[in-house]
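Colleague: Got a structure for you, questions after.
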Amino acid sequence: MTGLLRTPNALLIAALLLSPCVVRPSLAQPERSARADDPRLQRLKQEALRDVDGMQKKVQEMVDMVFSFGELGYQEVETSRYLVATLRQNGFTVTEGTSGMPTAWVAKWGSGKPVIALGSDIDGIPQASQKPGVAYRDPLVEGAPGHGEGHNSGQAVNIAAALAVKKIMEREKIPGTLMLWPGVAEELVGAKAYFVRDGMFKDVDFVIFTHVGTKLGTSWGASTGSGLVSVEYTFEGQTAHSAGSPWRGRSALDAVELMNAGWNYRREHLRPQHRVHYVIRDGGDQPNVVPRRASVWYYLREIDYPHIQELFTIANDMAKGAALMTGTTHANTRMLGTAWPRHFNKPVAEAMTDNAKTVGMPTWSSADQTLAKALQKELKEPEKGLDTALAILEAPKPDDEQRGGGSDDIGDVSWVVPTVTLSYPSNIPNLPGHNWANAIAMATPIAHKGVVAGAKVEALTILDLLLKPALLPEAWKYFRDVQQKDVKYTPLLRAGDRPATELNAAVMARYRPEMKKFYYDPSKYATYLEQLGIQYPTVRKQD
Ligand SMILES: [Zn+2]
């Protein structure tokens, strides 16, 4: 089929011809009836919807609490302590320190099969400290990290859904195990490949992952976006007086700069799907000492495993060349994280989409829309406000239309267990991502309502997995026969790689004392906005 798609016009025509395959509400009726719920399942689903609605206060507390911690990857100490305590209070058995990461854990409740695992990321973004509900840049702590991606909200989705389903499983004596786990250091793609390597998912039958978005819905097939290796190159030279006897020194920083210059020339001759970016982690000590050590940290992204490995080989050659040019040594190539490209499960994505149609988008207040439009105006984006339509479940883009983009190490999980990612509408559309602006909605009614909607869809989908006997076998059939037909999972992690759990420790040590003053205290304040004394919404005065 892709062979026919040779010209842009042919593409467009083919897309139009193919459009009936796309599950849109008006076209979904025949499929829906084939997948109709039996009366008992319908009744239990109604109960789960009511129960999640009854958890709105708890959801608001969890979302606001984790927002107020604002912790960076591997340093999610307060976040994990709080979530683990919450889960233990609710009858879950929790194991901590998973895969050698102090902030990782696995929480289980129930017994036997199926094992349904619910995951979501928990880490924040550098430089993203921001007052919630304020439609312009206004940090809580200047320079500090914050939830500039919205990872403060996903565990609340999972916990609310799990508690609603657990209550039903207990009373109805439904066999199965609910397993909750955190995406530690997702912004560093630093945990999930280790979880996979260490067997966290070996008995798991299905993974539902939740991630903040602006719409409610899911996807199947190869996800738009990239996989990557995150790798640090360290060079070693020798010190000398930079003015008195520079000829006796060898500059490791020169090697870093030449490696980067080499890469920036090579970029032009790589295919458009690649994306590569770097930061210099260590550029030496002071100008009058020739830098003995220097290091540069690269994210090497491509859309499939062979091309990621190809980029990695090129980067390794660049490092060798830079060392040769400068008379330094390429001392170390340290893997700081990896992520496989994602592939999501079709049968469960379809069931989840039916459930999203049942739940529908949240009802936004005029205050919610005012905040959203004011922020979009601030960012010079069209003032469209919040999304009101559900996400449409579409067929994945053909390989030759994939252009790459962001990554998530849920990719590794999606290649060892059938997985879907539920996107729930807790944020404002058209924001830059990884930015203070993405934090603004994340401890406001927008985030709270989006989490409640997401938790409902997730609870209904867990009930489908537990009570529709055909669904899990269909999910595994797709996983084995379609997803893995031409692609086999080969980890990007190397045998000796270990999680870089010291990352972000220094930044958090620097900012945590100031950030602590802003931790949410739900015993004193109904909401975090109230604690901060923020009028919702706060927007710029019109001039
Ligand atoms: Zn994320």
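The values are calculated or read from the model by the stated rules, or taken from the named source; none is laboratory data. Just so it is clear, the model here is predicted, and its values are computed rather than measured. Backbone-built Cβ (ideal geometry, glycine too); neighbour counts: all protein chains shown. Ligands, DNA and RNA are stripped out before the accessible areas are found, and what is left, the full protein with its side chains, is counted by its heavy atoms. Shrake-Rupley method; radii C 1.70, N 1.55, O 1.52, S 1.80 Å.
Colleague: Check the stretch 52-69 and report whether any residue there is modelled with pLDDT of 95 or more, open to solvent by less than 10 Å² (accessible area, probe 1.4 Å) and in contact with a Lys or Arg (Cβ under 6 Å, 6 or more places away or on another chain).
Modeller: Among the residues of the stretch 52-69, at least one is modelled with pLDDT of 95 or more, open to solvent by less than 10 Å² (accessible area, probe 1.4 Å) and in contact with a Lys or Arg (Cβ under 6 Å, 6 or more places away or on another chain), which makes the answer yes.
Colleague: A follow-up question, please. Among (1) touching a Lys or Arg at 6+ places or on another chain (Cβ under 8 Å); (2) closer than 23 Å to Leu493 by Cβ, there is one condition Gly327 misses while meeting the rest; what is its number?
Modeller: Here Gly327 clears every test but (2).
Colleague: Among the residues of the stretch 517-534, write down those that are assigned to a loop (DSSP other than H, G, I, E, B) and of a type in the set (Phe, Trp, Tyr). Outline the logic, then answer.
Modeller: Initial filter on the stretch 517-534 (assigned to a loop (DSSP other than H, G, I, E, B)): 517-527, 533-534.
Scanning the stretch 517-534 gives Phe518, Tyr519, Tyr520, Tyr525.
Colleague: Does the stretch 402-411 contain at least one residue that is away from the ligand (no atom under 16 Å from the Cβ), open to solvent by less than 30 Å² (accessible area, probe 1.4 Å) and touching a His at 6+ places or on another chain (Cβ under 8 Å)?
Modeller: Yes, that holds for at least one residue.
Colleague: Of the residues that sit in the stretch 198-234 and are over 25 Å from Val157 (Cβ atoms) and of a type in the set (Val, Ile, Thr), which one is farthest from the ligand (Cβ to nearest atom)?
Modeller: Out of the qualifying residues, it is Thr234.
Colleague: For the condition in contact with an Asp or Glu (Cβ under 7 Å, 6 or more places away or on another chain) and modelled with pLDDT of 95 or more, what is the one hit in His274, His307, His269?
Modeller: His274
Colleague: Checking Gly148 against (1) within 24 Å of Gln402 (Cβ to Cβ); (2) buried (at least 24 other Cβ atoms within 10 Å of the Cβ); (3) within 14 Å of the ligand (Cβ to nearest atom): exactly one of these is not met. Which one?
Modeller: (1)
Colleague: Which residues, taken from the stretch 440-468, are part of a loop (DSSP other than H, G, I, E, B) and crowded, with 24+ Cβ neighbours inside 10 Å?
Modeller: Within the stretch 440-468, Ile440, Ala441, Met442, Ala443, Thr444 qualify.
For every residue, the table says whether it meets (1) under 30 Å from Asp464 (Cβ atoms); (2) under 21 Å from the mean Cα position of the chain (by Cα).
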| position | (1), (2) |
| --- | --- |
| Glu170 | yes, no |
| Leu188 | no, yes |
| Val204 | yes, yes |
| Thr210 | yes, yes |
| Gly217 | yes, yes |
| Ser230 | no, yes |
| Ala261 | no, no |
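Colleague: Just to be sure before I move on: is Leu503 farther than 30 Å from Leu300 by Cβ and in contact with a Phe, Trp or Tyr (Cβ under 9 Å, 6 or more places away or on another chain) in the structure I sent?
Modeller: no
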